[in-house]
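Working notes, structure below.
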Amino acid sequence: MAMQRQRGTVGSRLALAKRWLTALLMICLPLAGAGASPAPEVSPDRLQVVTEHGEMLVDIAVPPGMRWCIEWNHSVKGFTVLDCYQNVAGVMQLERSHQPDFAAGLGHTVGRGEQVSDGKGGYWINAIDEPVPNNRYVLRVGAEAVNHRVVWLVGDHRREVSLSDHASGQRVTVQLIKPAPPSVNYK
């Protein structure tokens, strides 16, 4: 009989301890993350245009799926030509090109994309979809009349940086880079 009373007492103490522990967890659980550092954000890839002297002309976030173009005025005919790229899972890919005419240096190569009319006398070469080797290429920037520029959309707003305004006649590197991982300081 004494053994049964002792078990009952131990059982009731155990039940009381469980209730206190549950209550304590319910109070403290919402605070468990307080003061904890959030996981570092992974920055999107970046489109950069850098001069041969290391001057950064363009440095913009380019998440996967984003598109941008290099736009310029043809040096002989003066019309606008576009080479358009896309970030495809971290790979710079030449997606399509717009050419208003078959002027010097322009044209479609059979087997490289699909040529379709733009309805205005020019044409698009769609579905080129060529990865740019090493996510970078060198461009010799034309004079101000050529006006090489990088163009992209932010929402519905066109953004543009004229490379010719800053680096006419120079070689620049156009590159899609992965950001450096966040550093951790251990002391």
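We did not get these values from a lab; they are worked out from the coordinates using the rules stated. This is a predicted model, so every value here is computed, not measured. No Cβ is skipped: glycine too gets one built from the backbone with ideal geometry, and neighbour counts run over all protein chains shown.
Observations on the structure shown:
- Estimated distance in nm for a label pair at Met56 and Gln170, the labels positioned 7 Å out from Cα along Cα-to-Cβ: 1.5 nm
- A Förster radius of 35 Å, combined with the Cβ-Cβ distance separating Lys178 from Glu144, puts the computed FRET efficiency at roughly 0.60.
- Mean Cβ neighbour count within 10 Å, used as a protection proxy, ranking 164-173, 68-77 highest first: 68-77, 164-173
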